[in-house]
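Right, one structure below, let's go through it.
What follows draws every value from the coordinates through simple rules; no lab data is involved. If you're wondering where the values come from, they're calculated on a predicted model, not measured in any experiment. A quick note on method: Cβ atoms are made from the backbone with ideal geometry, for glycine too, and the neighbour counts reach across all protein chains shown.
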Amino acid sequence: MFKNKYSGKFIAIEGLDGSGTTAQVQRLSQYFHSEKIHSLFTQEPTNNVIGGVARGCLTGDLKINSAVGLQLLFAADRANHLEKEIIPALQAGTNVITKRYFLSSIAYGSVQINDQDWLWKINDQFLMPDLTILLKISAKTRIERSEQSALGLNLFNDEESLNKVWQTYEAISKKYPNIIIIDAEKPQDEIFEEIKRAVLDIIK
């Protein structure tokens with residue numbers, strides 16, 4: 001993966017389904033808007049054609065029997081996302097915040113695909129975020145929460161699989177200094193303040 005050489009900063013917010021990524025990204029977007037901080041908020045899978053197919057596979061509206069095929073869909077969606085949306089914004093000096101990025105592909109993909117080196121390889125030519133915020137909840141909490149999120153809900157809904165997903169997230173976080181873990185079982189206001197501080201440290 002290559003480092004961000006553009007004037008805008010690139011930030012990803014990740015975590016298990018149900019960890020609060022959607023709510024916290026929405027709060028951050030509202031804060032940026034109120035403070036007039038120039039920014040683009042986006043997500044993966046995207047809402048373009050490829051992302052729509054990937055999303056359909058996750059929700060069960062479309063059927064794909066190959067875990068490899070699903071990961072290739074994610075990678076194709078990511079390549080298009082970077083080329084058409086993320087990199088042009090960064091080049092223009094806009095800060096980009098994405099809900100989910102390559103870390104989710106590695107963590108969730110590792111449940112079904114034993115070859116983690118292959119998962120890294122198909123993401124190797126992509127842009128590394130300046131900061132990744134990883135929201136941590138236990139698998140038990142994830143199962144107890146009623147929040148319906150977009151990624152992996154119909155694929156990984158048992159404690160064993162979710163524990164494996166988190167273990168992969170955590171292992172990756174130890175390899176990169178620009179990944180921070182925030183306890184997402186605390187009150188939402190506390191979580192947001194931690195996210196806000198981390199993000200402002202990067203973009204200012």
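Checking the cross-link pairs 5/186; 136/204; 121/186; 36/174; 121/164 against a 30 Å limit on the alpha carbon distance flags 5/186; 121/186; 36/174 as lying beyond it.
By the count of other C-beta atoms within 10 Å, a proxy for reagent exposure, 81, 33 are ordered fewest to most as 33, 81.
Counted by neighbouring Cβ atoms within 10 Å, the residues 172, 11, 180 run from fewest to most as 180, 172, 11.
FRET efficiency for the pair residue 200 and residue 141, taken as 1/(1 + (r/R0)^6) with r the Cβ-Cβ distance and R0 = 41 Å, rounds to 0.90. Remark: 9, 175, 164, 186 ranked as 175, 186, 164, 9, counting other beta-carbon atoms within 10 Å and listing the fewest first. Between residue 64 and residue 2, take the C-beta separation as r, use R0 = 41 Å, and let me know the FRET efficiency to the nearest 0.05. Computed FRET efficiency for residue 64 and residue 2 comes out at 0.90.
Under 15 Å from a label point set 7 Å out along the Cα-to-Cβ vector of residue 35, the amide N atoms of the stretch 84-110 belong to 95-97.
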